[in-house]
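As structure tokens, the structure follows; a few thoughts come after it.
The values are calculated or read from the model by the stated rules, or taken from the named source; none is laboratory data. Being a predicted model, the structure only gives us computed values, none of them experimental. Ideal geometry is used to build each Cβ from the backbone, glycine not excepted, and the neighbour counts take in all protein chains shown. Just so you know, the surface numbers come from the protein's heavy atoms only, side chains and all, with ligands and any DNA or RNA stripped out. Shrake-Rupley method; radii C 1.70, N 1.55, O 1.52, S 1.80 Å.
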Amino acid sequence: MRIMAIDYGDARTGIAISDATGLLAGHTAVIQSRRPEVVAEEIARLVRVHGVEELVLGFPRNMDGTEGPRAERYRAFAEQVAGAAGLTPVLWDERRTTIEAHAILHAGGKKMKSHRKNVDAVAAALILEGYLTRKRMEPRE
């Protein structure tokens, strides 16, 4: 089962798609658009092209776990994606993923200037890896 993680952002949206077994993060991409309807349609296209069966949307929370001012916007975007792709995204806590993504790129020798091109895809991969890990740990029915 292929699973797609989405790191939705103001200017760019990172995408990470698992392998066919749903165990490893594989394909990554960045959608360059500020328009939620364009992003939702591109996600729907990627769902069809890659045979994605489940969506995970990074969801903003404050460090204390409460929902911040962006939460409502992300819920509305999740509904937009569900309408376009026919799959309702699971909302997944994305705290610190962008910070970790910058650290990974920096450790890989990338200069801060070049992070902008890749950080959203790396953050999506981190969201996907966290979600896949939780799924592996859930008891099987």
Of the residues in region 42-58, how many are within 17 Å of Phe77 (Cα to Cα) and either open to solvent by 80 Å² or more (accessible area, probe 1.4 Å) or modelled with pLDDT of 95 or more (or both)?
10
Long-range neighbours under 6 Å by Cβ, at least six apart or interchain, first residue under 24 Å from Val52 (Cβ atoms) within region 63-90, second of a type in the set (Phe, Trp, Tyr) and open to solvent by less than 90 Å² (accessible area, probe 1.4 Å):
Tyr74/Phe59; Phe77/Tyr8
Sort out which residues of region 106-137 are open to solvent by 40 Å² or more (accessible area, probe 1.4 Å) and either modelled with pLDDT of 80 or more or hydrophobic (A, V, I, L, M, F, W, C) (or both), and write them in order of number.
Ala107, Met112, Glu129, Thr133, Arg134, Lys135, Arg136, Met137
Under 6 Å between Cβ atoms, which residue pairs at least 6 apart in sequence (or on different chains) link something in region 1-27 that is modelled with pLDDT under 95 and of a type in the set (Lys, Arg) with a partner that is surrounded by fewer than 16 Cβ atoms within 10 Å (Cβ to Cβ) and part of a strand (DSSP E or B)?
Arg12/Gln32
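Take the conditions surrounded by fewer than 15 Cβ atoms within 10 Å (Cβ to Cβ) and in contact (Cβ under 8 Å) with a residue 24 or more places away in the chain and apply them to Asp93. Does it pass? Steps first, please.
Working: surrounded by fewer than 15 Cβ atoms within 10 Å (Cβ to Cβ): yes; in contact (Cβ under 8 Å) with a residue 24 or more places away in the chain: yes.
Answer is yes for this residue.
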Quick one: which of Val39, Val30 is touching a helix residue (DSSP H, G or I) at 6+ places or on another chain (Cβ under 9 Å), surrounded by 15 or more Cβ atoms within 10 Å (Cβ to Cβ) and not in a helix (DSSP H, G or I)?
Val30
All positions within region 9-27 that are outside any loop (DSSP other than H, G, I, E, B) and open to solvent by less than 60 Å² (accessible area, probe 1.4 Å)
Arg12, Thr13, Gly14, Ile15, Ala16, Ile17, Ser18, Ala25, Gly26
